[in-house]
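To start, the structure itself, in structure tokens.
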Amino acid sequence: MLMLVAVGFLLYKAGYERFFGPTNPGNPHENEPVEAGDPDKGDMGGQPEVPDEDLTEEQLALFRPNELGKIPIIMYHAIGDTEGEWQRSRDNFRADLQRFYDLGYSLIPLNDYLRGQISAPAGRAPLILTFDDATAGQFNMIQSETDGEWIPDPDSAVGMLLEFERSHPEFGHAATFFIDFPAPFGDAKRVEENLTFLIENGMEIGNHTYNHKNLQSASPDVVVQEIGSLANKVRELCGYETLSLALPYGGYPKTDDGLASGEWEGQPYTNLGVLLVGAEPAPSPYSSKFSPLAIPRIRGSQEELDKWLGNFERYPETRFVSDGQASTVTIREGEQDKLDPSRIEGLKVVTYDLSPTSK
Ligand SMILES: [Zn+2]
């Protein structure tokens, strides 16, 4: 098994470098300007630009893309010295990153998933990291002892993520932080600086309501106020639009009014997706099972990670594997009826025979 994984990885590496690497003199896209993307996107979360060309038969056989498969969205809370019910230890978090990488995952931004624009490197499986509650262990900045410059604490999740990516560039560093106020990341004095650093470095800020409010029994007005005041605050501080919502305590309001969009104090907000607390991998964003207002996550605990990552190892055909191209949806032959037509508008659908006997 290990051998197969190693061989698979080498094949992947060879294919990846041949096709996308900087040493390839034949890459016709190499010197073209980067296409204008979303202004709120900044850097790409560490992922390389991918040329928009059809994959060859050989590449399909090598990468085995499956863009109707499921995607793990991991939900972390505190990151600290010890492991606990709502806390992952730093050592375990570092081990998680290595495990995700070794299992063939690369990080993608949550908003790319919600928009259905997935561009993980070809042959790799997208995985999304989310962090709730904005604790200091997730992210804080310290002053460098050498020149006094503010840098991410290397022992915070952001510091560990950026460090890991330096030696594993195709893993990326995309992550979404669902914040609330008054002191995101435990630091009321540097809110603007902290959020700006994350945004400028390709990470996302998500909405966790202004007061970390359980919306389960909240009136519709309170739902809009809690979501809208957080969105307005982040916009006012950083000019950034939050586009996703994680419900505190998983508390779902009586109706979904005001979740996808609303207006507070004259300012509109939009959530492309609403994330739940638990309890399984999320459907492909192209699938008819995709439900933007109820997106499941997997708790970042040992037990839940073992369970769901283990499931994907046992049933690899259930996992989303990227074709490397945001504008193409590559699926198995005969599965076209599982696509949601409204989710693939403007995208090219490619089908191929994924059966193990095909060459
Ligand atoms: Zn929370």
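Candidates are the residues of the range 123-142 that are assigned to a strand (DSSP E or B) and over 19 Å from the mean Cα position of the chain (by Cα); the one that is farthest from the ligand (Cβ to nearest atom) is Ile142. Would you please name the residue that is nearest to the ligand (Cβ to nearest atom), looking only at residues in the range 102-112 that are assigned to a helix (DSSP H, G or I) and crowded, with 20+ Cβ neighbours inside 10 Å? By that ranking, first place goes to Leu110.
Scanning the range 246-273 for residues that are out of contact with any helix residue (DSSP H, G or I) (no Cβ under 6 Å at 6 or more places or on another chain) and touching a residue at least 60 places away in the same chain (Cβ under 8 Å) yields a total of 3.
Does Arg319 satisfy the criteria of being crowded, with 21+ Cβ neighbours inside 10 Å, basic (Lys, Arg) and under 13 Å from Leu103 (Cβ atoms)? So that I can check it myself, show each step before the final result.
Numbers: crowded, with 21+ Cβ neighbours inside 10 Å: yes; basic (Lys, Arg): yes; under 13 Å from Leu103 (Cβ atoms): yes.
Judged against the criteria, Arg319 is a match.
Restricting attention to the range 131-142, does a residue exist that is buried (at least 21 other Cβ atoms within 10 Å of the Cβ) and of a type in the set (Gly, Ala, Ser)? Yes: one or more hits.
Mind counting the residues in the range 274-319 that are of a type in the set (Ser, Thr, Tyr), without any contact (Cβ under 8 Å) to a residue 40 or more places away in the chain and within 21 Å of Asp112 (Cα to Cα)?
Filtering the range 274-319 down to residues of a type in the set (Ser, Thr, Tyr) leaves 284, 286-288, 291, 301, 315, 318.
This time we only want the ones that are without any contact (Cβ under 8 Å) to a residue 40 or more places away in the chain, so: 291, 315.
After this cut, where a residue has to be within 21 Å of Asp112 (Cα to Cα) as well, the list is 291.
Qualifying residue count for the region: 1.
Table: residues versus (1) in contact with a Lys or Arg (Cβ under 7 Å, 6 or more places away or on another chain); (2) within 22 Å of Arg88 (Cα to Cα); (3) surrounded by 13 or more Cβ atoms within 10 Å (Cβ to Cβ).
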residue	(1), (2), (3)
Pro248	yes, yes, yes
Ala260	no, no, yes
Pro283	yes, no, yes
Tyr286	yes, no, yes
Glu335	no, no, yes
Ser342	no, no, no
Leu347	no, no, yes
Val350	no, no, yes
Leu354	yes, no, yes
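What pairs come out if I take residues in the range 124-144 that are closer than 11 Å to Ile79 by Cα and pair them with residues that are buried (at least 23 other Cβ atoms within 10 Å of the Cβ) and β-branched (Val, Ile, Thr) whose C-beta lies under 6 Å away, six or more apart or interchain? Once the first residue is closer than 11 Å to Ile79 by Cα and sits in the range 124-144, its partners that are buried (at least 23 other Cβ atoms within 10 Å of the Cβ) and β-branched (Val, Ile, Thr) give Ala134/Ile179; Gly137/Ile79; Gln138/Ile79; Phe139/Val158.
Here's a check for you: in the range 173-189, which residue that is crowded, with 17+ Cβ neighbours inside 10 Å and of a type outside the set (A, V, I, L, M, F, W, C) is nearest to the ligand (Cβ to nearest atom)? Can you show your working first?
First, the residues of the range 173-189 that are crowded, with 17+ Cβ neighbours inside 10 Å: 173-181, 184-185.
Keeping just the survivors that are of a type outside the set (A, V, I, L, M, F, W, C) gives 173, 176, 180, 184.
Working: His173: 22, Thr176: 13, Asp180: 7, Pro184: 12 Å.
Only one residue fits best here, namely Asp180.
Residues of the range 258-282 being closer than 23 Å to Pro126 by Cβ and among the charged types (D, E, K, R), which ones? Residue satisfying the conditions is Glu280 alone.
When the range 217-240 is filtered for residues that are surrounded by 16 or more Cβ atoms within 10 Å (Cβ to Cβ) and of a type in the set (D, E, K, R), the ones remaining, listed by number, are Glu226, Lys233. Checking the structure you have, find out if any residue of the range 152-163 is over 17 Å from the mean Cα position of the chain (by Cα), within 16 Å of the ligand (Cβ to nearest atom), of a type in the set (D, E, K, R) and modelled with pLDDT of 95 or more. Checking the range 152-163: not a single residue is over 17 Å from the mean Cα position of the chain (by Cα), within 16 Å of the ligand (Cβ to nearest atom), of a type in the set (D, E, K, R) and modelled with pLDDT of 95 or more. Scanning the range 262-274 for residues being buried (at least 22 other Cβ atoms within 10 Å of the Cβ) and over 18 Å from Asn211 (Cβ atoms) gives a total of 1.
Counting only strands (runs of 3 or more DSSP E) that fall entirely inside the range 206-270 and contain at least 2 residues that are of a type in the set (A, V, I, L, M, F, W, C) and either within 16 Å of the ligand (Cβ to nearest atom) or under 23 Å from Pro109 (Cβ atoms) (or both), the qualifying elements are 244-246. Within the range 113-122, being under 17 Å from Pro281 (Cα atoms) and either within 16 Å of the ligand (Cβ to nearest atom) or assigned to a helix (DSSP H, G or I) (or both) holds for Tyr113, Leu114.
For the range 39-94, the tally of residues that are exposed (fewer than 14 other Cβ atoms within 10 Å of the Cβ), in a helix (DSSP H, G or I) and modelled with pLDDT of 95 or more stands at 1.
A single member of Glu192, Glu163, Glu145 is more than 25 Å from His212 (Cα to Cα), out of contact with any Pro (no Cβ under 7 Å at 6 or more places or on another chain) and surrounded by fewer than 24 Cβ atoms within 10 Å (Cβ to Cβ), and it is Glu145.
The values are calculated or read from the model by the stated rules, or taken from the named source; none is laboratory data. Everything numeric here is computed off the predicted structure, so don't read it as measured data. Ideal geometry is used to build each Cβ from the backbone, glycine not excepted, and the neighbour counts take in all protein chains shown.
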